[in-house]
Amino acid sequence: MDRSSCIAAAGFTALGAYLVVSGGGFPAGAGGLPGAGFFPQTIGALMVLLALGLLFKARERSGTTGFAFVNAAQTAASAGMLLIYLALWGTGFFPLRTALFLTLFLKFLGQRWRSAAGVSLVLTAVVTAVFQYGLNVSLE
Amino acid sequence: MGSELLTGLTAVLDWEVLGFLTFGVTLGAIFGALPGLTATMGVAVLTPLTFWISAEQGLAMLLGIYCGAIPAGGIPAILINVPGTPASIATSWDGYAMARKGQAGLALGINALMSTVGQLTSILFLALLAFPIAGFALKFGPAEYFGLALFGISLMAGISRDQVLKGLLAGTLGLALALVGLDPMTAYPRYTFGMSEFLDGISFVPVMIGLFGLAEALVQISERHSIRELPAGVLGRILPCLNEWKKMLPSMMSGAGLGTIVGAIPAAGGDIGSVIAWEQARRISPGKEEFGKGSLRGLAASCAACNGAIGGAMTTMLTLGIPGDAVSAILIGALLIHGIQPGPLLFQNNQAFVFSIVFLLVFASLLIMLIGLLGARPLAGILRIPSPWLWAGIVLFGTVGAYALNNAVVDVWVMFAAGIAGFLFRKARIPLGPLVLGLILGPMMEANLRRALIIGRGDWIGILTRPILLFFLTAAVLLPVLPLIRSKLFMRKE
């Protein structure tokens, strides 16, 4: 059984079913002309059908395979750090927040403190110069 | 047409446009030369910057990245046997073998020269055939456009090799994402969850940055690539001699031609084109046993083909509004930012702009030849940059770029969500191409079908039996189904 395909199929089935149900709530068409709900329902039904096909095929497969996560903890932590950085977006002083995030990000990926801090400062300076001063984008 | 041609050339001969083109080609060369950074990623991450400059300048930069990254992808393929972009997979087969024989310089030189030959051949194809194709496409009505969009998505899923079902599912997910926003005919809000930011739909560029920038960085962190071992010693001579040119000529021509044709097929890019061209060159050339062991002919065919795909993909994108590959999908998004809709009407209403694109491609291909020949050594040197520095740069530029498009935090979250989804999809071996195509073609599909039904007063049979639409529908159904039937038949035989 291919576990990753089974999980994907389950996700697509749920999303497809949601589209079919929610599409029913949109205005219906008239006189042979489809309404706002026609495409969501068609796409949803097609998605469910294909997902069931994938599920059937995944169960047929001999042996057990799944997601190949080699460095799962490090990847999750990197995504988590970015999540925190984004959650703090707009809370003030962009250069400091960004430099701090990048230093921790690089340190976590095995760089030495000095090189992590150096690269972070350069990247932050370039992005601030390009976007804030060059293109007048307010990053605060 | 003559005055339009002159206007197009004049627009390109502006020093600012040429400056952006040079910047783009140089940046593209760096992106291509670094394994893990692809042309798609470069174009996706840099697209937000084009918002502040003119369409010509923005396109000059993005086309420069595109034309620069594909040839430069051959540099790590030759030096360390790691293709810089997927298009240079076949380049590594003979290029790396040449480097191991002490001919790294010659392989890099052939890569630069053949890339330019491939690009110029495909640009000629674009210049000669784009206008007749666009002229034919002008006959299309809404029903035919619906069929074309459906065919494009189906084709992309169909060439997802053994992942046809997953490709189709990714395509339907793209179509589902395209539903977000106001209904194209009645302006009824769908899936906006009460957020006014979603009334215009999901922004295309943040999705692309997430799928091809953040997701790629996460994949590389998860797989912890650490390939930065450069071969010791000098590169040697770079230019091929006359005899070597003679040897390579047939493979070069067949490679450039095949690459262009394959590139013009929606969704089939340089990676497929170069493998097909390499195999074709092996079949027709004397000395088949040399292929894969440092054959000049094999290297010439693969380099010319992966670059020939650029002009082919641009022809499909400009004439039909259907992306030829992932980069041209993002280029459509970039053009839309400037209010330019690729498709046959572009050839009727803005011929000068089309000529500008042709000239930009010509200048970009000549520039990359110069960079490839003169800058082979420094470009080889940038392979020493540690991977985490690149990942940090991609994450930061991607995040700020997504935000800067509309000064909207919601776009940053869309980019993040697309990045996580893209990472999980890559791990589950779900192709991302059909998703992007679904997102781009979804609104075109829905609006055109419903428009056709309004024109035909709800007569479904009358619309679905129009010859061109019927052809597209049949092809759209058969393309993903045929490989499945074939694999079932083979399984039975075994």
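The values are calculated or read from the model by the stated rules, or taken from the named source; none is laboratory data. Predicted model, so just to flag it, every value in this text is computed and none were measured. All Cβ positions, even for glycine, are placed from backbone atoms using ideal geometry, and neighbour counts span all protein chains on display.
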### Task
Look through the stretch A:68-82, keep the residues that are facing chain B (nearest Cβ under 7 Å) and surrounded by 14 or more Cβ atoms within 10 Å (Cβ to Cβ), and return whichever of them is modelled with the lowest pLDDT.
A:Asn71
### Query
Does at least one position in the stretch A:31-39 carry a residue that is farther than 24 Å from B:Leu439 by Cα, modelled with pLDDT under 80 and surrounded by 15 or more Cβ atoms within 10 Å (Cβ to Cβ)?
no
### Query
Which one of B:Leu441, B:Leu478 is in contact (Cβ under 8 Å) with a residue 12 or more places away in the chain and away from chain A (no Cβ under 12 Å)?
B:Leu441
### Task
Go through the stretch B:471-494 and count every residue that is β-branched (Val, Ile, Thr) and modelled with pLDDT of 80 or more.
2
### Query
When residues of the stretch B:166-180 are filtered for being more than 9 Å from chain A (Cβ to nearest Cβ) and either basic (Lys, Arg) or over 26 Å from B:Leu155 (Cβ atoms) (or both), how many remain?
0
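Matching residues to (1) within 14 Å of another protein chain (Cβ to nearest Cβ); (2) more than 26 Å from B:Ile209 (Cα to Cα); (3) surrounded by fewer than 21 Cβ atoms within 10 Å (Cβ to Cβ):
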residue	(1), (2), (3)
B:Asn350	no, yes, yes
B:Leu374	no, yes, yes
B:Arg384	yes, no, yes
B:Phe397	yes, no, no
B:Ala402	yes, no, no
### Task
Tell me which residues, restricted to the stretch B:177-200, are among the aliphatic types (A, V, I, L, M) and exposed (fewer than 15 other Cβ atoms within 10 Å of the Cβ).
B:Ala187, B:Met195, B:Leu199
### Message
Just the residues that are crowded, with 24+ Cβ neighbours inside 10 Å and under 20 Å from B:Val207 (Cα atoms), please, taken from the stretch B:32-49.
### Response
B:Leu37, B:Thr38, B:Ala39, B:Thr40, B:Met41, B:Gly42, B:Val43, B:Ala44, B:Val45, B:Leu46, B:Thr47, B:Pro48
### Message
Checking B:Thr192 against (1) in a loop (DSSP other than H, G, I, E, B); (2) more than 14 Å from chain A (Cβ to nearest Cβ), only one condition comes out false. Which one?
### Response
(2)
### Task
Considering only the stretch B:455-475, state which residues are in contact (Cβ under 8 Å) with a residue 60 or more places away in the chain and facing chain A (nearest Cβ under 10 Å).
B:Gly456
### Query
For A:Phe108, are the conditions met, namely being modelled with pLDDT of 90 or more and closer than 20 Å to A:Gln74 by Cα?
no
### Query
Any residue in the stretch A:47-62 that is in a loop (DSSP other than H, G, I, E, B), touching a residue at least 60 places away in the same chain (Cβ under 8 Å) and more than 9 Å from chain B (Cβ to nearest Cβ)?
yes
### Task
Please state which one of B:Gly462, B:Gly456, B:Gly419, B:Gly442 is small (Gly, Ala, Ser) and more than 22 Å from A:Pro34 (Cα to Cα).
B:Gly419
### Query
Restricting attention to the stretch B:79-122, which residues are more than 19 Å from the chain's Cα centre (by Cα) and not in a helix (DSSP H, G or I)?
B:Asn81, B:Val82, B:Lys101, B:Gly102, B:Gln103
### Task
Could you list all residues from the stretch B:340-379 that are out of contact with any helix residue (DSSP H, G or I) (no Cβ under 8 Å at 6 or more places or on another chain) and not aliphatic (A, V, I, L, M)?
B:Asn349, B:Asn350, B:Arg377, B:Pro378
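Rundown of residues vs (1) outside any helix (DSSP H, G or I); (2) aliphatic (A, V, I, L, M), yes/no style:
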{"site": "B:Phe359", "(1), (2)": "no, no"}
{"site": "B:Ala380", "(1), (2)": "no, yes"}
{"site": "B:Leu383", "(1), (2)": "no, yes"}
{"site": "B:Ala392", "(1), (2)": "no, yes"}
{"site": "B:Val395", "(1), (2)": "no, yes"}
{"site": "B:Val400", "(1), (2)": "no, yes"}
{"site": "B:Arg426", "(1), (2)": "no, no"}
{"site": "B:Ile430", "(1), (2)": "yes, yes"}
{"site": "B:Gly438", "(1), (2)": "no, no"}
### Message
Testing A:Thr91 on (1) buried (at least 18 other Cβ atoms within 10 Å of the Cβ); (2) in a loop (DSSP other than H, G, I, E, B); (3) among the polar types (S, T, N, Q), one condition comes back false. Which one is that?
### Response
(1)
### Task
Would you mind telling me which numbered condition in (1) within 22 Å of the chain's Cα centre (by Cα); (2) farther than 30 Å from B:Leu479 by Cβ; (3) not acidic (Asp, Glu) B:Ile430 fails?
(2)
### Query
On the given criteria, is A:Gly44 exposed (fewer than 15 other Cβ atoms within 10 Å of the Cβ) and either at the interface with chain B (Cβ under 8 Å from one of its Cβ atoms) or in a loop (DSSP other than H, G, I, E, B) (or both)?
no
### Query
Given A:Thr98, A:Thr103, A:Thr91, A:Thr124, which one is hydroxyl-bearing (Ser, Thr, Tyr), more than 25 Å from B:Asn407 (Cβ to Cβ) and either more than 9 Å from chain B (Cβ to nearest Cβ) or within 24 Å of the chain's Cα centre (by Cα) (or both)?
A:Thr103
### Summary
Residue set B:Ile261, B:Ile276; condition more than 16 Å from the chain's Cα centre (by Cα), part of a helix (DSSP H, G or I) and either of a type in the set (Val, Ile, Thr) or at pLDDT 90 or above (or both); output residue B:Ile276
### Message
Only one of B:Ile78, B:Ile70 is over 27 Å from B:Phe204 (Cβ atoms), crowded, with 24+ Cβ neighbours inside 10 Å and touching a residue at least 24 places away in the same chain (Cβ under 8 Å). Can you tell me which?
### Response
B:Ile78
### Task
Check off (1) surrounded by fewer than 16 Cβ atoms within 10 Å (Cβ to Cβ); (2) assigned to a loop (DSSP other than H, G, I, E, B); (3) free of Cβ contacts under 8 Å to residues at least 40 places away in the same chain for A:Val137 and give me the number that stays unchecked.
(1)
